[in-house]
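Here is the structure we will look at.
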Amino acid sequence: MKLNKIYSAILLSSLPLTAVNAGGLDRSGQSIQAFLQPGNYFEAGISILDPDVSGTDANGNVAGDMAGDYYFPSAALKIQATDKISLGLIYDQPFGADAEYKGNNNFVENRMVPFKGGTTVEVDTQNLNFLIGYQPTQNWNLYAGAVYQTVDGTVKLRGNAYSAFNGYDLKTGEDESVGWLAGIAYQIPEIALKAAITYRSEIEHDMNAYENFGAAGLTGNPRLDGAMNQISATSGRTELTTPQSVNVDFQTGIMENTVAFANVRWVEWSKFAVQPYKFGKLSQVLGQSTPALGKPNGFNLIDYKDDQISATVGVGRKFNDLWAGNVSVGWDSGAGNPVTTLGPTEGYWSIGTGVRFSPAENYFIGAGVKYFWLGDADAVTGAHTAAGTFESNHAIAYGLNIGYKF
């Protein structure tokens, strides 16, 4: 079953992989497929996501479309330095969030106060992956590398849903840290068989974040207002750790010019938690003074219940020397239900298709689209008090990329 010299492995990237924050803050999928291409190779792409996420708060008020559109670029360069050594550089934006509540509901503060407005969250991360691979034979590839990561986040909590935290602001500023990755791949080019497993470490960030309690002096509770003012005068470090993950990629030729492919991804969101310093101190005050919360040691701004598992399977086919395409089906478990109000969906099902145009043997232009059925979810605050329900939501993603072999 010898396939065309234009490796059908490249069919896999006709549609840039696109996630929708269904599992934690997962966004790009952290693929290293470009590094496994033969010879010298460059690829660049952009993905755009248009989600529609709405629901109701705990009082039945409508919370209209709160999920913001976003786009994220990616790029990769792979150099086959010698017959046995390859070098790679991959840029992506692996985790993120973009949301804003509007209207008349418990996630919006409509009173004439300094912190009037809706709850918002914006999280941006960037990864630079530096890889080196060793190929003892044409079939095996052992690779590892360093990961340079930046994280920048802003959260504003507004509305009655957040109780004493109504008016709370968090700005992390851009923080830098490093991690690592390692993996092994096996291939039989004659039948387009390729399998790879890649592990990525967690990456720890330690930052002096800005925090402010906008509701201080407005709660009507002297003890609580006093605690807010006292905590606001202190300072401390905020820790955040992005999760470890494992990607498994597989493809094989199933007939001439046709491949089947699959990707499985695991992300350890169950250990992810964000508890900013001042937020944590006030949560301890509330937890100890409100036994009904069941949180005497305080609570987190964001955390997740379960690990995320996602899978994509599909078929790619080369129609002729100019055109190729693929279709795929995807599933994502999400990171547990209930979920944070800052990302109120749990998992998804998706269907996608992509096409590729190759004017010459050494370069291509690819485009694709995916439709997501987002999982229903119950939203809770950091204290895990019921905040709302979000159902029957969806998203659509578009992707465009180019590749060049040299």
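Using only Cα atoms and rounding to the nearest 10 degrees, what angle (0 to 90) does helix 277-289 make with the longest principal axis of the chain? Taking the Cα atoms of the chain, the angle to 277-289 is about 50 degrees. Heavy-atom accessible surface of Val285, to the nearest 10 Å², is about 30 Å², with a 1.4 Å probe and all protein chains retained. Computed on the Cα trace of the range 290-335, the radius of gyration divided by the Kirkwood hydrodynamic radius gives Rg/Rh = 1.46. Distance between the modelled labels on Met112 and Ile191, one decimal in nanometres: 7.6 nm (7 Å Cα→Cβ projection).
Comparing Gly354, Phe213, Tyr168 along the charge dipole axis of the chain, the residue lying farthest to the positive side is Gly354, per the Cβ-charge model. For Val339, the residues 5 or more places off, or on other chains, whose built amide H falls under 5 Å of its own are Asp378, Ala379, Val380.
3J(HN,Hα) along the range 74-81, derived from phi through the Karplus expression 6.51 cos²θ - 1.76 cosθ + 1.60 where θ = phi - 60°, amounts to 8, 7, 8, 10, 10, 10, 8, 5 Hz, with x in place of Gly and Pro. Normalising the Debye intensity of the chain to I(0), with uniform scatterers on Cα atoms only, and taking log10 at q = 0.14, 0.15 Å⁻¹ returns -1.16, -1.29.
Remark: the range 82-88, residue by residue, has Karplus-estimated 3J(HN,Hα) of 9, 4, 10, 10, 10, 10, x Hz, where x stands for each Gly or Pro and the curve is 6.51 cos²θ - 1.76 cosθ + 1.60 at θ = phi - 60°.
The HN-Hα couplings worked out from phi for the range 58-63 by the Karplus form 6.51 cos²θ - 1.76 cosθ + 1.60 (θ = phi - 60°) are 5, 9, x, 6, 6, 10 Hz, whole numbers, x standing for Gly and Pro. Relative contact order for the chain: 18 percent, from Cα pairs under 8 Å spaced at least 6 residues apart, divided by residue count.
Need one number: nm distance between label points at Asn221 and Glu391, each 7 Å from Cα along Cα→Cβ, rounded to one decimal. Placing both labels 7 Å beyond Cα along the Cβ direction yields 3.2 nm. The charge dipole of the chain, taken about its Cα centre with unit charges on the Cβ atoms of Lys, Arg (+1), Asp and Glu (-1) only, comes to about 380 debye. The trypsin sites (Lys or Arg not before Pro) of the range 88-139 that DSSP puts in a loop, and whose beta carbon has at most 12 other beta carbons within 10 Å, are Arg111. Ignoring solvent entirely, what values of log10 I(q)/I(0) come out of the Debye formula for the range 126-270 at 0.16 Å⁻¹ when each Cα is a single scatterer? With no solvent term, the Cα-only Debye profile gives -0.94. Ordering Gly336, Ala395, Gly366 by Cα displacement along the dipole of the chain toward the positive end leaves Gly366 in first place; charges were set at the Cβ atoms of Lys, Arg (+1) and Asp, Glu (-1). Along the charge dipole of the range 57-208, Cβ charges K/R +1 and D/E -1, which of Ser201, Ala99, Ala185 sits furthest on the positive end? With unit charges placed on the Cβ atoms, the residue in question is Ala185. Qualifying GluC sites (Glu not before Pro) in the range 319-401, where qualification requires a DSSP coil assignment and no more than 11 other C-beta atoms within 10 Å, comprise Glu361. Database remark: amide H of Glu202 closer than 5 angstrom to the amide H of Gln244 (H placed geometrically; neighbours at sequence offset of 5 or more, or on other chains; Pro and chain starts carry no H). In a DSSP loop and with at most 12 other Cβ atoms within 10 Å, the GluC sites (Glu not before Pro) in the range 198-258 are Glu256. For the chain, take the longest principal axis of its alpha carbons; what is the angle in degrees between that and the long axis of helix 222-232, to the nearest 10 within 0 to 90? Approximately 40 degrees, to the nearest ten. The magnitude of the dipole of the range 237-364, with charges of +1 and -1 set on the Cβ of Lys/Arg and Asp/Glu and taken from the Cα centre, is near 520 debye. For the peptides 316-323, 146-153, residues were scored by their other Cβ atoms within 10 Å and the scores averaged per peptide; the highest-first order is 146-153, 316-323.
Each residue was assigned an accessible area with a 1.4 Å probe, and for Met207 the value is about 10 Å².
The values are calculated or read from the model by the stated rules, or taken from the named source; none is laboratory data. None of these values were measured; they are calculated from a predicted model. With ideal geometry, Cβ positions are generated from the backbone for all residues, glycine too; neighbour counts draw on all protein chains shown. The protein model used for the area step is the full one, side chains on, heavy atoms only, and it has no ligands, DNA or RNA in it. Shrake-Rupley method; radii C 1.70, N 1.55, O 1.52, S 1.80 Å.
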